[in-house]
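Q: Pasting a structure below so you can have a look.
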Amino acid sequence: MTGRLDTILHPPARLQIAALLARVQEAEFATLRDLVEVSDSVLSKHLSALKEAGYVDLRKAALDGRQRTWASLTRAGRQAFASHLAALHDLVASAQVAIAAD
């Protein structure tokens, strides 16, 4: 395998968050919550884990009179996501070869 599965990114919601953030500069908390289809508390927990790992930066600022949070992938987060995707691709390719051999 070219990459290793990353236990931080492996949970489905975290993988989905990373995939969404990989396509944008940053995303607002409510947007991520709606796209990932989780509660505020679940998203907050996953973002905290990603931040603790150094994969996500969180920025807070007022918008429309309310405090909002924006998340973005760090350079380390982008690298970890790319490595995790490579490992997933390798895993799928190996499985396809094994299935084809049966």
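The values are calculated or read from the model by the stated rules, or taken from the named source; none is laboratory data. Bear in mind that the values here come from a model prediction, so they are computed numbers and not experimental data. Glycine also receives a Cβ, built like all others from the backbone with ideal geometry; neighbour counts cover every protein chain displayed.
Q: Only one of (1) touching a residue at least 24 places away in the same chain (Cβ under 8 Å); (2) touching a helix residue (DSSP H, G or I) at 6+ places or on another chain (Cβ under 7 Å); (3) more than 30 Å from A93 (Cα to Cα); (4) not aromatic (F, W, Y) fails for L5. Which number is that?
A: Answer for L5: the failing condition is (3).
Q: So, one more: Is it true that G65 is among the small types (G, A, S), closer than 17 Å to A18 by Cα and either surrounded by fewer than 13 Cβ atoms within 10 Å (Cβ to Cβ) or at pLDDT 95 or above (or both)? Let's see the steps before the verdict.
A: Values: among the small types (G, A, S): yes; closer than 17 Å to A18 by Cα: no; either surrounded by fewer than 13 Cβ atoms within 10 Å (Cβ to Cβ) or at pLDDT 95 or above (or both): yes.
So G65 does not fit the description; no.
Conditions tested, residue by residue: (1) in a helix (DSSP H, G or I); (2) of a type in the set (A, V, I, L, M, F, W, C); (3) under 19 Å from the mean Cα position of the chain (by Cα); (4) more than 22 Å from V36 (Cβ to Cβ).
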position	(1), (2), (3), (4)
K51	yes, no, yes, no
A61	no, yes, no, no
L88	yes, yes, yes, no
A95	yes, yes, no, yes
A98	yes, yes, no, yes
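Q: List every residue pair whose Cβ atoms lie under 6 Å apart, where the two residues are 6 or more positions apart in sequence or sit on different chains, the first residue falls within region 68-92 and is more than 20 Å from V24 (Cβ to Cβ), and the second residue, located anywhere, is among the basic types (K, R) and surrounded by fewer than 17 Cβ atoms within 10 Å (Cβ to Cβ).
A: Correct list of pairs: A87/R4.
Q: Let me ask another. Being among the small types (G, A, S), under 30 Å from V97 (Cα atoms) and modelled with pLDDT of 95 or more is true for just one of A22, A71, A27. Which residue is that?
A: So the residue among A22, A71, A27 that is among the small types (G, A, S), under 30 Å from V97 (Cα atoms) and modelled with pLDDT of 95 or more is A22.
Q: Of the residues that sit in region 1-36 and are in a loop (DSSP other than H, G, I, E, B) and more than 14 Å from the chain's Cα centre (by Cα), which one is surrounded by the most Cβ atoms within 10 Å (Cβ to Cβ)? Quick ask: steps written out before the conclusion?
A: From region 1-36, those in a loop (DSSP other than H, G, I, E, B) are 1-11, 23-26; that's our starting set.
Checking the rest, the ones that are also more than 14 Å from the chain's Cα centre (by Cα) come to 1-4.
Values: M1: 12, T2: 8, G3: 16, R4: 12.
Here the residue is G3.
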